[in-house]
1. With every protein chain left in place and a probe of 1.4 Å, what is the accessible surface of B:Ser199, to the nearest 10 Å²?
2. State, in square angstrom and to the nearest 100, the accessible area buried between chains A and B, both chains counted, probe radius 1.4 Å.
3. If you average the alpha carbon positions of region B:1-61 and of region B:132-152, how far apart do those two centres end up, in angstrom?
4. So which aspartates and glutamates pass the test for B:Lys136, namely a Cα distance under 17 Å, with those fewer than 8 places away in the same chain ruled out?
5. Name the trypsin sites (Lys or Arg not before Pro) in region B:93-147 that are in a loop by DSSP and that have at most 16 other C-beta atoms within 10 Å, would you?
6. When N is the residue count of region A:302-373, what does its C-alpha Rg come to as a fraction of 2.2 N^0.38 Å?
7. Using only the Cα atoms of region B:1-90, construct the convex hull and provide its projected area averaged over every direction, in square nanometres to one decimal.
8. Run through all the Cα pairs of region A:125-273 and give the fraction in each 5 Å bin from 0, expressed as whole percent.
Amino acid sequence: MNGRFGKFGGQYAPETIMNVLIELETEYEKAIKDEKFIEEYKYLLKDFVGRETPLYFAKNLTEKLGGAKIYLKREDLNHTGSHKLNNALGQALLAKRMGKKRVIAETGAGQHGVATATAAAMFGMECEIFMGEEDIERQALNVVRMKMLGAKVTPVTTGTGTLKDAVNEAMRNWVENIENTFYIIGSAVGPHPYPTMVRDFQRVIGDEVKVQILEKEGRLPDYIVACVGGGSNSIGIFYPFIEDKNVKLIGVEAAGLGIDTDQHAATIAKGSLGVLHGMMTYLLQDDEGQIMPVYSISAGLDYPGIGPEHAYLMETKRAKYVPITDQEAVDGFMELCRIEGIIPAIESAHAVAEVIKLAPKLPKDQIVVVNLSGRGDKDVDTIAKVLGI
Amino acid sequence: MNRIDKKFETLREKNEKALIPFVTAGDPDLDTTVELVLAMEQAGADIIELGIPYSDPMADGIVIQQSSTRALKNGAKISSVMNTVKDIRKKSQVPLVYLVYYNSVFKYGMEKFIKECSYVGVDGIIIPDLPIEERKDITEIADKYGVYLIPLVAPTSKERIKKITHNGKGFVYCVSTTGVTGVRQEISTDIKEYMDIVSQYTDMPRALGFGISNAEMAAKYKKYCDAIIVGSAVIKKIAEAGDKKEAVENAAKFVADIKKAISNNQ
């Protein structure tokens, strides 16, 4: 397997985990060629996760905006409420196959933590989730769910107490428990083979969209829009369309309070080349390579890096990455609630907000597909506070 | 000849083990770092590791994490650490190695970083998140400037030890446990077996680090290796001191105790 996407990716990992990463790659390659593994994974995606998810024509939003046709890929309808379980299940199956009895994960919004705890419960594995203390507070619903599912939730208080610090702590824990523990990384980040594995486990989203849109419209979409934190839902929906050059791919980053402030997480807009969490990619860093504290209203997008495959898509101009502020995301959130009767995750609302800007500029015969990466129950308190509801 | 090689040659002739303490440059501040280095050398340190403070030290436990945070809060920058080394070099020829995370080197500029190391008198660099597979470019640069890129092995490395130590320079940093840095009461790895395996692959001096927290542990493990590294335990002494003078005194005394424990007349 090639661990690079152009110059991005690689394995910038401590020596202690190198043999484990090599073993992981070998086991993963074997697993995906094993019919029984694929069969079990597909069965679980269907009967447990509830796939395939609908590709829903957002008639009201389309009419209101008066431009291109808007389709919503309903990853919010998956079991556990987001796209995260597609990947957590795949990795957990691999962990089971490798005989690991314990899984750990980092989590920002908590959805990957819940997905990992879910998979661990199903496979009878011990589970510990690392979550920034800032995120524990703003995504309390998910913390309760993880605990109910039997996971230990460990608050991370170092650094900014958000996603990047949770990844650091998970990595440290992995190094300490390397023999018996499988680290289930929740996004398309980390040292090889993780970005590739995560993309492969999330590509079911894009694969389904392709079949569905051809059925409904007889042609491929003009635009696919998805929010990008580490980049798992976005690479999942983008990947099957990369070779379809007429399909424009748009990743939406969190601009927080604005990319001209120091309160954002817009990695592509304001980042530079560097190494973080085992990968060469774009990061938000100062000129000495110190990683910048980032901010976004959305815990899941609050990350100073981006998956290496996205960095590559950006550099080769195959995909474009645009910033959306907290305010725009909250407006998008409310718009979808009121117009379509769907409460999106605040992360996904960033993609919705971009479509609200984009669709009116496009002719009515164009098609835009938005990845609705998750549901927003976990966010209602935060949004209610912002809006004074 | 590189100061590291000279030091190990001298120690070998006397059949002595090397003591390598670690401090974070800039914790509590860079002036104190100069005093710490000089005092520790006086107290018996053979080589000194200087940590370049970093925002996300993935291989470090809480003691060194907090040490790094303190140094960064105090404004430590790579260029000011390089100046600190210049100040040290006015008074000492003690071998110095940086402990630095790869992004710091990468962002600063690999060639710029290594060139400055050579210029100010840093003898080697240890990069804990750069495995052998990613070392080709930086090795070329390091060789060009005569700065040693210290190979690092872990108990999980096994057959990788061969390629990691091949053409290695300085010494082999042997991480004692599967874990991060930190004070430990005991080390569960079979150190004898581990060090035997390493010496099957290389003749380089083997330095054992992570978790060695006191004189007893140093004495226990000295027979299996050629050097003992002490990091978090030294940092703790510095952090727990009442003021900077006491920090330097306590660190020096601690180093003297460990040196005594690993000396031949023990």
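The values are calculated or read from the model by the stated rules, or taken from the named source; none is laboratory data. These numbers were taken from a predicted model, which means no experiment stands behind them. Please note: Cβ atoms are built from the backbone with ideal geometry, for glycine as well, and neighbour counts cover all protein chains shown. In case anyone asks, the SASA skips ligands and DNA or RNA and just uses the protein heavy atoms, side chains included. Shrake-Rupley method; radii C 1.70, N 1.55, O 1.52, S 1.80 Å.
1. That residue has around 50 Å² of solvent-accessible surface.
2. Numbers: alone 14990 and 12280 Å², together 24300 Å².
For chain A against chain B, roughly 3000 Å² becomes buried.
3. The distance from the Cα centre of region B:1-61 to that of region B:132-152 comes to 20 Å.
4. A:Glu15, B:Glu111
5. Working: sites: B:Lys107, B:Lys112, B:Lys115, B:Arg135, B:Lys136, B:Lys144; in loops: B:Arg135.
The qualifying sites are B:Arg135.
6. Details: Rg = 13.6 Å, N = 72, 2.2 N^0.38 = 11.2 Å.
Relative to the 2.2 N^0.38 Å estimate, region A:302-373 comes out at 1.21.
7. Numbers: hull surface 26.7 nm².
It is 6.7 nm².
8. 2, 9, 13, 17, 18, 16, 12, 9, 5, 1, 0
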